[in-house]
Structure formats: C-alpha cells, structure tokens
Amino acid sequence: MSLETATDGQAAPRPQRRGRRIAMTPAEIDAFLADERTCRVSTVGADGAPHTSALWFVWDGSAFWLNSIVKSQRWTDLNRDPRVSVIIDTGHGFGELRGVELIGKVAQVGEVPRTGEAANTELLAEPERLFGEKYGNGKFHIDGRHAWLKLVPEKIVSWDFRKTGF
C-alpha cells in the first residue's frame, strides 16, 4: 500500500506544499522508513510542554507502528492526548540531509501491555513480523512491558537535500 492510498476509512495524508523540490516520492519514503532504525517521538505533556524521546519503529506502507514501554512518559502523554509528531532523519553535511516527519494521532492496538494473547495475533501479525525482521533477528519478542501504538499519518513532510546538488 502506498502513501497515496487512504486506509482504515481515513483520508490520505495531506500533500506537502512547501519544499516540493526536495520532497521524497512515496517510494523513496517507503524505502527510507524501511531502512532507518530510530525515530524521535514528540508528545504533549499535561502542562502543554513537549516531550521528545527516541524509539524504534516499523512502517507497513500505510501505518507507522511504535512499540512503547507502557510505564513511560511517552505512553502517559499519549493516553491523555494522542497527538504526535515523529521525526526520522539522517545525514551529516547539508547536502546529505534526508528525513520524514509524520504528524497525526496514535491509537493503541492490542492488549496493554502486550502479552501475546491469541485474540490480537491477527491485528499485530504484520507489525510484529516487520519489527522482528528489523530488530530481532527475525523474531519479535514479547516482554510484557511494551504495547503497540499505530499512527496513520494525517500529514507527511519529507526532505532530501541530495536533490539540490550541493
């Protein structure tokens, strides 16, 4: 499924208006998110202050999946206010900078914390397969401390300064 396709009855992400010259194509975004390993998740605290933390993730082509510790500030913030901004970026020199920002609201999927109940196996089969392949030598490990958050982005912004020729 591509970024241009709406899923779960939701509208497709809004198109990027600024920086279109350096924006990644949907295929480039898919490849970038499959390759990169760490994102930064920004949430809103009870006092309105931002909280940003690093986390592993997987992208299934239409949804961004976070496997978060349920006794974390991030989890507490997202239970109160599901709005999130996620940044994945790389590069050292200006002409190497690439990244993607995903904006929207997360939803909890499955039991909290994840214990491996058979009832949730079908819902979580794909993110757990992807996560196991990316981080677990082919196997997803359930530890009873994490649970799944799903973000179907409302807005996606990307940049690839390699396209500028610098």
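The values are calculated or read from the model by the stated rules, or taken from the named source; none is laboratory data. Predicted model, so just to flag it, every value in this text is computed and none were measured. Glycine also receives a Cβ, built like all others from the backbone with ideal geometry; neighbour counts cover every protein chain displayed. Side chains included, ligands, DNA and RNA excluded: accessible areas come from the protein's heavy atoms. Shrake-Rupley method; radii C 1.70, N 1.55, O 1.52, S 1.80 Å.
Structural remarks
- Of the strands (runs of 3 or more DSSP E) lying entirely inside the stretch 33-94, those carrying at least 2 residues that are farther than 14 Å from residue 151 by Cβ and within 16 Å of the chain's Cα centre (by Cα) are 50-59, 83-90.
- Of the set (1) modelled with pLDDT of 95 or more; (2) within 30 Å of residue 165 (Cα to Cα); (3) among the aliphatic types (A, V, I, L, M), all apply to residue 66 but (2).
- Among residues of the stretch 76-92, those that are small (Gly, Ala, Ser) and either open to solvent by less than 30 Å² (accessible area, probe 1.4 Å) or touching an Asp or Glu at 6+ places or on another chain (Cβ under 7 Å) (or both), counted: 1
- Selection status of residue 102, surrounded by 13 or more Cβ atoms within 10 Å (Cβ to Cβ), aliphatic (A, V, I, L, M) and in a helix (DSSP H, G or I): no
- Hits in the stretch 105-139 (condition: polar (S, T, N, Q) and open to solvent by less than 30 Å² (accessible area, probe 1.4 Å)): 120
- Residues that are more than 20 Å from residue 71 (Cβ to Cβ) and part of a helix (DSSP H, G or I), drawn from the stretch 125-149: 125, 126, 127, 128, 129, 130, 132, 133, 134, 135
- In the stretch 108-163, the residue that is nearest to residue 85 (Cα to Cα) out of those that are touching a Lys or Arg at 6+ places or on another chain (Cβ under 6 Å) and among the charged types (D, E, K, R) is 155.
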